[in-house]
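Everything below concerns the one structure shown next.
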Amino acid sequence: MSVIIIKLHIKAPPALCFDLARNIDLHQESAAQTREKAIGGVTSGLIEPGQSVTWRAKHFGIWQNLTAKITEFEPPHRFIDEMVEGAFAHFHHEHRFEGTKKGTLMTDTFTYSVPYGLLGKHFDKLILKRYMTRFLRKRNEVIKEHAEKSREH
């Protein structure tokens, strides 16, 4: 099992960050490099507890589908999405939003495992973990940009 933890301070309130993190349209914008598109379940707007979304994206030159479901929901502080179907053997993605004096500390904890035994473990160690870390950082930077921009208006 692998774990990626990313922390980012955002100069905006937790409720705004929480909503931006579960915004399907914003996620598609942040994943433009993979041409990620919501093709099933909730395909636009804010995803809610118990709902799922199916994403189609091109990773490593291969089109892939992945369905994730919101399994825990504590607005505006935390939600979890988990893979229902997709290329990982398993994933659990916790999103936390902690109020600070200057805004929000957003923490992503992405826990996952890969299929294909030793081959999958080597792929994860050599390529996948760095790839997923960059993907999540990019997503978080887009959330930060939108949150801080909306605070200016």
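The values are calculated or read from the model by the stated rules, or taken from the named source; none is laboratory data. The shown structure was predicted, so the numbers you read here are calculated from the model rather than taken from an experiment. Positions of Cβ are generated from backbone atoms using ideal geometry, with glycine treated the same way; all protein chains shown enter the neighbour counts.
With respect to residue 7, is the statement that it is under 27 Å from residue 121 (Cα atoms) and of a type in the set (D, E, K, R) true? Answer is yes for this residue. Among all residues of segment 48-64, there is none that is part of a loop (DSSP other than H, G, I, E, B), free of Cβ contacts under 8 Å to residues at least 40 places away in the same chain and among the hydroxyl-bearing types (Ser, Thr, Tyr). Would you check if residue 46 is surrounded by 18 or more Cβ atoms within 10 Å (Cβ to Cβ) and under 19 Å from residue 149 (Cβ atoms)? No, not satisfied.
In segment 1-29, the qualifying residues are those that are part of a strand (DSSP E or B) and among the β-branched types (Val, Ile, Thr), and the one that is farthest from residue 70 (Cα to Cα) is 10.
Filtering segment 87-103 to residues that are among the small types (Gly, Ala, Ser), at pLDDT 95 or above and in a loop (DSSP other than H, G, I, E, B) leaves only 89. No other residue among 79, 123, 110 is over 19 Å from residue 42 (Cβ atoms), under 17 Å from the mean Cα position of the chain (by Cα) and surrounded by 14 or more Cβ atoms within 10 Å (Cβ to Cβ) apart from 110.
Restricting the first member to segment 26-39 and to residues that are free of Cβ contacts under 8 Å to residues at least 40 places away in the same chain and under 13 Å from residue 53 (Cβ atoms), and the second to residues that are small (Gly, Ala, Ser) and not in a loop (DSSP other than H, G, I, E, B), the beta-carbon pairs closer than 7 Å and six or more apart or on different chains are 28/38; 36/57.
Candidates are the residues of segment 132-153 that are free of Cβ contacts under 8 Å to residues at least 60 places away in the same chain and in a helix (DSSP H, G or I); the one that is surrounded by the fewest Cβ atoms within 10 Å (Cβ to Cβ) is 152.
How many residues, within segment 1-18, are buried (at least 18 other Cβ atoms within 10 Å of the Cβ) and under 14 Å from the mean Cα position of the chain (by Cα)?
2
For beta carbons closer than 6 Å, sequence separation of 6+ or different chains, a first residue in segment 1-20 that is modelled with pLDDT of 95 or more and a second that is of a type in the set (Asp, Glu), the qualifying pairs are 2/124; 6/108; 11/148; 12/148.
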